[in-house]
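To start, the structure itself, in structure tokens.
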Amino acid sequence: MRTARSHLAPAGIAAVLALTVSATAPAAAQAATTVRPVAAPGAAAAPSVQAFHASGQDRAYLRQAHRGNLAEIAAGKAALRRSHDEDVREIAWRLIRDHRKLDARLREVAHRLRVSLPDAPSAAQRDDLDAVLARRSGHRFDRAWLRLEAGAHEQTLTLIRRELRDGHSGWVRDLARDGAPAVRHHLREVRAELDRHTR
């Protein structure tokens, strides 16, 4: 009897092992062949929560920059009507073109963030342009207009720096950062032309 039991025990163990392996094999095979989803190369990441939230600084920047764009467009149109200097008129045309583009993107961002925008330049901006139009003509108009534009673009760069320093929304900060080169280019052109007019 002992001999029979000693021969049966290994056989019984082998059978149990065989059943265990056969039961676990399908699961192991399935795990080995499971394909995990992989992000497509170059797929854009979802916007961060930070991009969707506009802080008080972001809202103030959007409104002030929008007013600035409207003021630059109005000033450019005024120079096309009043100036006879081809270089001044060329600068005026570029101001209108570039600030329209800048403002189109700004309005898109403001819409995403549900920020209401004013309909016109500020009273101070309108008064400054009216003063140039009312009291100047010819070369005197050109000089006064160029001084107005130099000051306006310096103020815009100050707004941009403040937004880049204190802003919260990634969308608004990108807007400020991307607009800075055009504003700096305008300022260089205006200063160069003003220097020519004051020699």
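The values are calculated or read from the model by the stated rules, or taken from the named source; none is laboratory data. All values derive from a computational prediction rather than experimental measurement. FYI the Cβ positions are ideal-geometry reconstructions off the backbone, even for glycines, and counts take in every protein chain you see. Side chains are part of the model used for accessible areas, which takes the heavy atoms of the whole protein and leaves out ligands, DNA and RNA. Shrake-Rupley method; radii C 1.70, N 1.55, O 1.52, S 1.80 Å.
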(message) Suppose we take every Cα in region 92-199 and form the convex hull; what volume per residue is that in Å³?
(response) 106 Å³
(request) Mind ranking Trp171, Trp145 by accessible surface for me, highest first, 1.4 Å probe? (result) Trp171, Trp145
(request) Please work out how much accessible surface Glu90 shows to a 1.4 Å probe, ignoring ligands, DNA and RNA, in Å² rounded to 10. (result) 90 Å²
(message) As a test question: what accessible area, to the nearest 10 Å², does His111 have when a 1.4 Å probe is rolled over all protein chains in place?
(response) 150 Å²
(message) Please state the shape class of region 73-124: rounded when a/c is under 1.5, otherwise prolate if a/b exceeds b/c and oblate if not, all from the C-alpha gyration tensor.
(response) oblate
(request) Starting from the Cα gyration tensor of region 98-141, take the square roots of the eigenvalues, sort them a ≥ b ≥ c, and report rounded, prolate or oblate (rounded when a/c is under 1.5, otherwise prolate if a/b is larger than b/c, else oblate). (result) oblate
(request) Assuming R0 = 22 Å, can you tell me the calculated FRET efficiency for the pair Leu80 and Ala120, based on Cβ-Cβ distance, to the nearest 0.05? (result) 0.70
(request) Could you tell me what percent of the accessible area of region 136-181 is made up of carbon and sulfur, with a 1.4 Å probe and every protein chain present? (result) 46 percent
